[in-house]
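Please read the structure below before turning to the comments.
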Amino acid sequence: MTDASQPDTGLSDDELLRYSRHILHPGIDYEGQLALKQGRVAIVGAGGLGCPAAMYLAASGVGSLTIFDDDSVEASNLQRQIGFTSVDIGQAKAEALCARLSALNPHIRVQSVVSRFTEATGAPEDFDLVLDCSDNFATRAGVNKFCVSRRVPLVSGAAIRNEGQLCVFDSRVEGSACYHCLYGDLDESGGAANCAESGVLSPLVGVIGALQAVEATKVLFGRHQDSLGKLLLYDATGVLFRTLRFSQDPECAVCGNTPSPRP
């Protein structure tokens, strides 16, 4: 575990300089940067998506990042997982990535959890947001159930071969869909492809991971409403972005019968 101290309130002189381009941004300014500093984000998966997402969030000044991953760095990861170098081979991914994040920004707090994310790994007050950067449907399903039951927003990304997907879910919003509404009961037994079997274009995961970081900042700013109910599809072969709309499934086994949040 890596844990750097973090002031509870305000921005130091060093932080004001570091984040000056955010503070100059009329859509962010001081209050927005403070919202990032106060943010507590869980990143599930320290792979091709998790590395760029975590690095951009760390650089942006998100105050608390918790990295979940039970895997170790292998040589084949280095083609796309930019949080690691050759000297990290054999180390736990979560720990190696946290070390990189601490070096990138000593003003934030980072924590590694060398295990898979499950519904029992966190409490409602632990996280303001979860990024699903995992590579299997079992983990994605578990992350979705956690986020729905705890009323935590979720930014989900996926990439395979030359294709990527991105979606934002927020069960705090009445009538908002969840991951299960969109994908149902998918699992690997149905022949779902993965990067280990089908390959993936290295920069593609950077594109989707960076977009996850963008959406994460919007959630922390409270300006993500326009992203809900939309599935972003990216085809790197045709350089094509498409957006598909979807809505909550009233019969969804995960969120369909969940009581609406109190006003």
Quiz item: In this structure, is THR118 hydroxyl-bearing (Ser, Thr, Tyr), at pLDDT below 95 and not in a helix (DSSP H, G or I)?
Solution: yes
Quiz item: What pairs can you find where one residue is in the stretch 234-251 and closer than 13 Å to ILE208 by Cα and surrounded by 10 or more Cβ atoms within 10 Å (Cβ to Cβ), the other is modelled with pLDDT of 95 or more and among the β-branched types (Val, Ile, Thr), and their Cβ atoms are less than 8 Å apart, with a gap of 6+ or different chains?
Solution: TYR234/VAL207; TYR234/ILE208; ALA236/VAL207
Quiz prompt | Which listed residue is in contact with a helix residue (DSSP H, G or I) (Cβ under 7 Å, 6 or more places away or on another chain), under 18 Å from LYS218 (Cα atoms) and in contact (Cβ under 8 Å) with a residue 40 or more places away in the chain, from ALA42, ALA53 | solution = ALA53
Quiz item: Given (1) crowded, with 18+ Cβ neighbours inside 10 Å; (2) over 20 Å from TYR234 (Cβ atoms), where does ILE160 come up short, assuming only one miss?
Solution: (2)
Exercise. Name the residue, out of TYR179, TYR183, that is among the aromatic types (Phe, Trp, Tyr) and modelled with pLDDT of 95 or more.
Key: TYR179
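Conditions (1) free of Cβ contacts under 8 Å to residues at least 60 places away in the same chain; (2) in a helix (DSSP H, G or I); (3) under 18 Å from the mean Cα position of the chain (by Cα), marked per residue:
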{"residue": "VAL87", "(1), (2), (3)": "yes, yes, no"}
{"residue": "GLU95", "(1), (2), (3)": "no, yes, yes"}
{"residue": "ARG100", "(1), (2), (3)": "yes, yes, yes"}
{"residue": "GLY164", "(1), (2), (3)": "no, no, yes"}
{"residue": "CYS167", "(1), (2), (3)": "no, no, yes"}
{"residue": "GLU174", "(1), (2), (3)": "no, no, no"}
Quiz item: So is ARG140 in a helix (DSSP H, G or I) and either touching a residue at least 24 places away in the same chain (Cβ under 8 Å) or not acidic (Asp, Glu) (or both) or not?
Solution: yes
Quiz prompt | Which numbered condition ARG109 fails, given (1) of a type in the set (D, E, K, R); (2) at pLDDT below 95; (3) closer than 13 Å to LEU65 by Cβ | solution = (2)
Quiz prompt | Single residue of the stretch 6-62 satisfying the filter (aromatic (Phe, Trp, Tyr) and more than 15 Å from the chain's Cα centre (by Cα)) that is farthest from THR139 (Cα to Cα) | solution = TYR30
Self-check item: Which listed residue is surrounded by 15 or more Cβ atoms within 10 Å (Cβ to Cβ) and either at pLDDT below 95 or part of a helix (DSSP H, G or I) (or both), from THR66, THR2
Solution: THR2
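The values are calculated or read from the model by the stated rules, or taken from the named source; none is laboratory data. Just so it is clear, the structure is predicted and the values come from calculations on it, not from any experiment. Here the Cβ is made from the backbone with ideal geometry for all residues, glycine too, and neighbour counts use every protein chain on show.
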